[in-house]
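J.: This is the structure, below, for whatever I ask next.
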Amino acid sequence: MKKFFLIIFLILLIDQVLKIYVKTHFELGSGISILPFFWIFFVENPGMAYGVNFGVGYHGKILLSCFRFFLVFFIFFFLYRNIKQGSSKYLTIPISLILSGAIGNFLDSALYGLLFNTGTIYSQESKKWIPYFGKSEINYGFPEKGYASFMEGCVVDMFYFPIIDTHFSKWIPCLGGYHFKFFKPVFNLSDIMISVGVFLLFIFQRKIKNVKI
């Protein structure tokens, strides 16, 4: 059992170190090109993985944070039970990856509003998420003086892969002048772990036995 939780801990450690570094060293909406198709590009996401929005505005954000909490609790219980019952590693390893990703994004939502002095916040007046300028700093007055309350933080995303980024020539029918970009979403290590875990479950579904709910 220890090795599963060691995997989760190491992934969480790397995930949080990356996020804190990006949050404190990059301005929102800025980045650096590692390769033509790979950027470290800092955005804050009040929604779900890969920038998918959940609900509307502030209340949707709080609902999503609560959903993440219960999801983490359920996945943890599911993983713990199946490890104790000796379920296949084709099940427990992917679930460990999914759990690490779920915890990573939950920590952002739950604590980043308290941990940092600036961040993206929701304006009740304009009904929009309002970005900030400059670089964030660690809030050493934690939990006071953060940019938001518990469960109101935004997730830090930084991996951006604009594999195709081009304009279609104007002479091309229907598509002329259109700017095409693939792949648009910006994501983080937690999102990657969730995606890999789900993919492995799909690939190895026939080898998974003795599942305990």
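The values are calculated or read from the model by the stated rules, or taken from the named source; none is laboratory data. Note that this is a predicted model, so its numbers are computed, not measured. We place every Cβ from the backbone using ideal geometry, glycine too, and count neighbours over all the protein chains shown.
J.: Report whether or not MET151 is assigned to a loop (DSSP other than H, G, I, E, B), aliphatic (A, V, I, L, M), in contact with a helix residue (DSSP H, G or I) (Cβ under 7 Å, 6 or more places away or on another chain) and within 29 Å of LEU201 (Cβ to Cβ).
T.: Values: assigned to a loop (DSSP other than H, G, I, E, B): yes; aliphatic (A, V, I, L, M): yes; in contact with a helix residue (DSSP H, G or I) (Cβ under 7 Å, 6 or more places away or on another chain): yes; within 29 Å of LEU201 (Cβ to Cβ): yes.
When the stated conditions are applied, MET151 passes them.
J.: Looking at the range 63-88, which of its residues are surrounded by 15 or more Cβ atoms within 10 Å (Cβ to Cβ) and more than 16 Å from the chain's Cα centre (by Cα)?
T.: ILE75, PHE76, PHE78, LEU79, TYR80, ASN82, ILE83, SER87
J.: On the basis of being surrounded by 19 or more Cβ atoms within 10 Å (Cβ to Cβ) and polar (S, T, N, Q), does SER123 make the cut?
T.: Criteria not met by SER123.
J.: Look through the range 139-158, keep the residues that are more than 14 Å from ILE121 (Cα to Cα) and of a type in the set (Asp, Glu), and return whichever of them is farthest from the chain's Cα centre (by Cα).
T.: GLU144
J.: Would you pick out the residues in the range 130-147 that are hydrophobic (A, V, I, L, M, F, W, C) and either surrounded by 19 or more Cβ atoms within 10 Å (Cβ to Cβ) or modelled with pLDDT under 90 (or both)? Outline the logic, then answer.
T.: So the first thing to find is which residues in the range 130-147 are hydrophobic (A, V, I, L, M, F, W, C), and the list is 130, 133, 138, 142.
Passing the criteria: only PHE142.
For (1) under 27 Å from VAL198 (Cα atoms); (2) of a type in the set (A, V, I, L, M); (3) free of Cβ contacts under 8 Å to residues at least 12 places away in the same chain; (4) assigned to a helix (DSSP H, G or I), each residue gets a yes or a no:
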residue	(1), (2), (3), (4)
GLY86	yes, no, no, no
PRO94	yes, no, no, yes
ALA102	yes, yes, no, yes
TYR112	yes, no, no, yes
GLY134	no, no, no, no
GLU144	no, no, yes, no
ASP157	yes, no, no, no
PRO162	yes, no, no, no
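J.: I would also like to ask the following. Which condition number in (1) within 22 Å of ASP15 (Cβ to Cβ); (2) modelled with pLDDT under 85; (3) among the acidic types (Asp, Glu) is the one that ASP165 fails?
T.: The single condition ASP165 does not satisfy is (1).
J.: Step by step: first the residues of the range 41-50, then only those that are crowded, with 19+ Cβ neighbours inside 10 Å and farther than 19 Å from VAL196 by Cα, then the one that is modelled with the lowest pLDDT. Which residue is that? Before the answer, list the steps.
T.: Taking the range 41-50 first, the residues crowded, with 19+ Cβ neighbours inside 10 Å are 41-46, 49.
Remaining after also requiring farther than 19 Å from VAL196 by Cα: 41-46.
Values: PHE41: 96, PHE42: 97, VAL43: 95, GLU44: 94, ASN45: 89, PRO46: 86.
So, considering only residues that are crowded, with 19+ Cβ neighbours inside 10 Å and farther than 19 Å from VAL196 by Cα, the one modelled with the lowest pLDDT is PRO46.
J.: So, one more: Answer yes if at least one residue in the range 90-104 is at pLDDT 95 or above, surrounded by fewer than 16 Cβ atoms within 10 Å (Cβ to Cβ) and closer than 25 Å to ILE20 by Cα, and no otherwise.
T.: No, the range 90-104 contains no residue that is at pLDDT 95 or above, surrounded by fewer than 16 Cβ atoms within 10 Å (Cβ to Cβ) and closer than 25 Å to ILE20 by Cα.
J.: Still on this model: Quick one: ASN210 ticks every box in (1) on the phi < 0 side of the Ramachandran plot; (2) among the polar types (S, T, N, Q); (3) modelled with pLDDT under 90 bar one, so which box is it?
T.: The number of the failed condition is (1).
J.: Across the range 8-40, what is the total count of residues that are surrounded by 17 or more Cβ atoms within 10 Å (Cβ to Cβ) and of a type in the set (Ser, Thr, Tyr)?
T.: 0
J.: Looking only at the range 136-154, count how many residues are under 15 Å from LYS23 (Cβ atoms) and touching a Ser or Thr at 6+ places or on another chain (Cβ under 6 Å).
T.: 4
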